[in-house]
1. What are the membrane-span-like helices in the chain by this rule: whole DSSP H runs, Cα extent along the axis at least 24 Å, mean Kyte-Doolittle hydropathy at least -0.5?
2. If we count every other residue with Cβ under 10 angstrom of P212's Cβ, Lys/Arg +1 and Asp/Glu -1, where does the sum land?
3. First check a/c for the chain, with a ≥ b ≥ c the square roots of the eigenvalues of its C-alpha gyration tensor; if it is under 1.5, answer rounded, and if not, answer prolate when a/b is larger than b/c or oblate otherwise.
4. Too long at a 21 Å Cα-Cα cut-off: which of K8/K43; K8/K105; K76/K141; K105/K166; K36/K91; K104/K162?
5. Please give the charge dipole size of the stretch 45-158, origin at the Cα centre, charges +1 on K and R Cβ atoms and -1 on D and E Cβ atoms. Round to the nearest 20 debye.
6. Need the C-alpha centroid separation for the stretch 72-148 versus the stretch 1-16, integer Å.
7. Heavy atoms only, 1.4 Å probe, whole protein assembly: order E32, E122 by accessible area, highest first.
8. Rank these residues by their accessible area, most exposed first, probe 1.4 Å: H48, H125, H188.
Amino acid sequence: PDPLAPVKTYDDASDREVVALIASSLAVGRVELILKAIDQVLKPLGEHPAAALKILGKSDLEKIYADFVYRFFKKKEIAGFLFAIGQALRKFGGLESLFLSGYKKDSLLDGIEKFCSFMDEESEHNCGILITPPEKGSACKRFNLFLRWMVRCDSVDPGGWKCIDKRDLLVPVDTHMFDIATRLGFTHRRYGDLKAALEITAGFARYCPEDPVKFDFSLTRLGIHPDLDKSIFDKLTV
């Protein structure tokens, strides 16, 4: 199971980007519970969540999600987050356009910073850690996961965004990726922070500069597999 699964069920790119942001932002904890939380959020929005969020106000969302609880997120956080998504759709026409308002080629972090700042302001600072900006050194794992899903297009990632170069993407560094990347020597950081994400991405770029993030899915799947003996990575050199 993977939080990406519900994203791949949406054919329309405008719905897919909304679902991808929701799914990636909730990707904290066990994947089975993440999928249940995603389903709880998506069901009330119907077949076309983008259209639904364009018309729902904050008070509507607070009523709809009055009983929502998942990890660190309750009614206030999810309602503020979804309202901010609706504001992005109303003001920019889509989430890609919002991201592009801050993104410049070879400057992914500026796009992330602008996106997160907009979401924080429009939610009236109620998103909690559903959105985590890079300014404090965060690896922005969940947002980089969102970007991987929307920018890359292959048998794993469904794509939908056309204006961002996949060579600019950053590896979404979770505990599994950080452990394996450390064992392989891609980073010597003590924590999986933004600098670690930059180091790991640069290391992967030595093997595939045009698409360094393509290794993310396969390596993290290995890390999650219960039967994997991670010591095999200690015998490898990169």
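1. 75-92
2. 0
3. Judged from the Cα gyration tensor, the chain comes out prolate (a/c at least 1.5, a/b above b/c).
4. The pairs that break the limit, which is 21 Å between Cα atoms, are K8/K105; K76/K141; K36/K91.
5. The dipole magnitude comes to about 120 debye.
6. So the separation of the two Cα centres works out to 18 Å.
7. Largest to smallest exposure gives the sequence E32, E122.
8. H188, H125, H48
The values are calculated or read from the model by the stated rules, or taken from the named source; none is laboratory data. Please read all numbers here as calculations on a predicted model, not as lab measurements. Glycine also receives a Cβ, built like all others from the backbone with ideal geometry; neighbour counts cover every protein chain displayed. What goes into the accessible areas is simple: the full protein's heavy atoms, side chains included, and nothing from ligands, DNA or RNA. Shrake-Rupley method; radii C 1.70, N 1.55, O 1.52, S 1.80 Å.
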